Amino acid sequence: MIIDCHGHYTTAPKALESWRSQQIAGIADAALMPRAADLKIGDDELRESIEANQLRLMKARGSDLTIFSPRASFMAHHVGDFAVSSTWAAICNELCFRVSQLFPEHFIGAAMLPQSPGVDPRTCIPELERCVKEYGFVAINLNPDPSGGHWTSPPLSDRHWYPLYEKMVEHEIPAMVHVSTSCNACFHTTGAHYLNADTTAFMQCLTSDLFKDFPTLRFVIPHGGGAVPYHWGRFRGLAQELKKPLLQDHLLNNIFFDTCVYHQPGIDLLTQVIPVDNILFASEMIGAVRGIDPETGFHYDDTRRFVDATPHLDADTRHKVFEGNARRVYPRLDRALKSRGL
Ligand SMILES: [Zn+2]
């Protein structure tokens, strides 16, 4: 089985975007604020939006199951207040749940949280628990910077985030550390802000003792871990300067990297530098980089071919990257699969 741990509903019917525009208009003029019930999307529309896009590509490329969350750049936690984020997250999560119901063999949910700048993360717990208990979601996306590129929240190691971590541990759900749209002109959303955040999250964990407080807390750092694998020596050296344990013991029981690195040399480096137990297959397909690489003739986000081709994996270790590690990192996913005899 090939499990893609990083997929977003980037192809949702246009009505969703229209509803969101209306909601944003409603922030300035309350008379324009739509109700959640005003959004009407039928199952046929959902089915079509998946069959023509993600599912078509999954079948063509040979992946089986995607951990599916709302579109990351649309989370835009910096827009409006908690009430705005709360309604928006509930709508987006419900759509991913419905996709997982329509295609249970191919999609299982991960929740977007109703984060809002300056608001206690504790407020996200009801939506988190609803998604886990009612929707069978197996993970969350945690935005370390709800301000959208201004970094006004405390680091991930701060006690500010602990109420969420307690719930993650209790429910055995990992968090993909995933920012959203940048509203800071200095940082391009997917080219800079995403990769900055991946690197920043890793370093926040490195300088702290977060995983002493939460030995079973798990973070998936997407986009191949940002700059981390490429600069592994720097991070090892910094940990040494800070008198931290070896990274293997300090962070690698808790931090995992996905394979959303869109070229062969990147996957070769990732698989050479990072222990195989810490690498999870992912494509983030139909995401930030949708084109075809003229050097190969294949889509940049067709990441399976890079994992297949890298000389640093054999049959056993490739199986870990494609399936085994995901079952370990996402215990609720493993249990859902086992309950279906898989
Ligand atoms: Zn993503």
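The values are calculated or read from the model by the stated rules, or taken from the named source; none is laboratory data. Every value quoted in this text rests on a predicted model; they were computed, and no experiment measured them. No Cβ is skipped: glycine too gets one built from the backbone with ideal geometry, and neighbour counts run over all protein chains shown.
Pairing residues of the range 259-271 that are more than 14 Å from G225 (Cα to Cα) with residues that are within 16 Å of the ligand (Cβ to nearest atom) and part of a helix (DSSP H, G or I), at Cβ distances under 6 Å and at least 6 apart in sequence or on separate chains, gives no pairs at all.
Pairs meeting the criteria (first residue in the range 181-207 and at pLDDT below 95, second residue away from the ligand (no atom under 14 Å from the Cβ) and in a loop (DSSP other than H, G, I, E, B), beta carbons under 9 Å, at least 6 apart or on different chains) are lacking.
Tallying residues that are part of a loop (DSSP other than H, G, I, E, B), within 16 Å of the ligand (Cβ to nearest atom) and either polar (S, T, N, Q) or loosely packed, with under 15 Cβ neighbours inside 10 Å (or both) within the range 129-168 yields 1.
Residues in the range 1-17 that are closer than 30 Å to A37 by Cβ and more than 16 Å from the ligand (Cβ to nearest atom) were compared, and the one that is surrounded by the most Cβ atoms within 10 Å (Cβ to Cβ) is L16.
Screening T207 against (1) β-branched (V, I, T); (2) away from the ligand (no atom under 16 Å from the Cβ); (3) closer than 21 Å to D277 by Cα; (4) in contact with a Ser or Thr (Cβ under 9 Å, 6 or more places away or on another chain) leaves a single unmet condition, (3).
Residue-by-condition table, conditions (1) within 21 Å of V220 (Cα to Cα); (2) outside any loop (DSSP other than H, G, I, E, B); (3) in contact with a Leu (Cβ under 7 Å, 6 or more places away or on another chain):
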| residue | (1), (2), (3) |
| --- | --- |
| D277 | yes, yes, no |
| G287 | yes, no, no |
| R290 | no, no, no |
| E295 | no, no, no |
| D302 | yes, no, no |
| F306 | yes, yes, no |
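Filtering H193, H223 for residues that are within 18 Å of A139 (Cβ to Cβ) and either under 18 Å from the mean Cα position of the chain (by Cα) or among the aromatic types (F, W, Y) (or both) leaves a single hit, H223.
Does T271 fit the bill of being within 22 Å of the chain's Cα centre (by Cα), closer than 27 Å to G233 by Cα and within 16 Å of the ligand (Cβ to nearest atom)? Answer is no for this residue.
Only one of the numbered conditions (1) surrounded by fewer than 19 Cβ atoms within 10 Å (Cβ to Cβ); (2) assigned to a helix (DSSP H, G or I) is not met by P34, and that is (2). For the range 315-323, the condition of being in contact with a strand residue (DSSP E or B) (Cβ under 6 Å, 6 or more places away or on another chain) and either farther than 21 Å from V220 by Cα or among the aliphatic types (A, V, I, L, M) (or both) holds for at least one residue. Scanning the range 41-99 for residues that are part of a loop (DSSP other than H, G, I, E, B), within 16 Å of the ligand (Cβ to nearest atom), closer than 26 Å to P121 by Cβ and of a type outside the set (A, V, I, L, M) turns up R71, H77. Screening T259, T271, T216 for residues that are among the hydroxyl-bearing types (S, T, Y) and either surrounded by fewer than 16 Cβ atoms within 10 Å (Cβ to Cβ) or closer than 22 Å to D145 by Cβ (or both) leaves exactly one candidate, T216.
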